[in-house]
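Before any comments, here is the structure.
The values are calculated or read from the model by the stated rules, or taken from the named source; none is laboratory data. Computed from a predicted structure; not experimentally measured. Every residue, glycine as well, gets a Cβ built from its backbone with ideal geometry; the counts of neighbours run over all protein chains shown. When the accessible area is computed, the model is the full protein with side chains, heavy atoms only, and any ligands, DNA or RNA have been set aside. Shrake-Rupley method; radii C 1.70, N 1.55, O 1.52, S 1.80 Å.
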Amino acid sequence: MPDDSVMLEKWPELVDTTKDRPRLFNALKTAKLEVSEDNGTKVLTFSVTNEAQKKWIEDNLLRNLETSYVRIVGSTRIRLAVDTVATVEQTVVYMPADKAKEMISTNPEVKDFVIDLGLDI
């Protein structure tokens, strides 16, 4: 069974095989990698940015990528898996009053400044 470091070192070689598909190449090149073990098999999980990419790779390419990766690493006891990167909900503040409240809540110096000058929000 290959070592985790070997699996991570060989990943760029697999990525290079997808240069003819720029979007896939970019997705694999920037993917977050995680190695785990499952029933005597090493599993390399790579994370893509959204569910559509994950589904497309699983449906169309995962087995071909896995076959290529087995040849590159030189072990049949490995599997590839796809996951999505966890996204953090961001709230965008648009109104000036909301921006001021956000600044006051995150920065004590701004709060003191508003109090000292007696500013309205």
Which of Lys99, Lys54, Lys19 moves most in a GNM of the chain, Cα contacts under 10 Å? Lys99
Under a Gaussian network model of the chain whose springs join Cα atoms within less than 10 Å, the largest fluctuation of Ala81, Ala27, Ala100 belongs to Ala100
With Tyr94 itself left out, Lys, Arg at +1 and Asp, Glu at -1 over residues whose Cβ is under 14 Å from its Cβ give 0
What accessible surface, in Å², does a 1.4 Å probe find on Phe113, ignoring ligands, DNA and RNA and rounding to the nearest 10? 120
I want to check the label-to-label distance for Met1 and Val70. Put each point 7 Å from Cα in the C-beta direction and report it in nm to one decimal. 1.7
Separation in nanometres of the label points that stand 7 Å from Cα toward Cβ, at Thr41 and Leu119: 6.0
Options (1) -0.23, -0.34, -1.14; (2) -0.44, -0.53, -1.16; (3) -0.34, -0.51, -1.29 - which one matches log10 I(q)/I(0) by the Debye sum over Cα atoms at q = 0.09, 0.11, 0.21 Å⁻¹ as calculated here: (2)
For the chain, dividing by residue count, accessible area per residue (probe 1.4 Å) in Å² works out to 71
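First compute the accessible area of the chain with a 1.4 Å probe, then give the percent of it belonging to carbon and sulfur atoms.
That fraction is 50 percent.
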When the helix-only estimate is applied to the chain (DSSP H runs of n ≥ 4, each -39,500 (n - 2.57), divided by the residue count), what is the mean residue ellipticity at 222 nm, nearest 500 deg cm²/dmol? -16000 deg cm²/dmol
Which of the lysines could a cross-linker bridge to Lys19, judged by Cα under 28 Å and excluding same-chain residues fewer than eight apart? Lys10, Lys29, Lys32, Lys42, Lys54, Lys55
Using the Cβ atoms and a cut-off under 15 Å, what net charge is assigned to the surroundings of Asn39, where Lys and Arg are +1 and Asp and Glu are -1? +1
Quick one: angle between helix 4-16 and the longest Cα principal axis of the chain, in degrees between 0 and 90, rounded to 10, please. 90
Gaussian network model of the chain, springs between alpha carbon atoms under 10 Å - residue of Leu14, Leu61, Leu44 with greatest fluctuation: Leu61
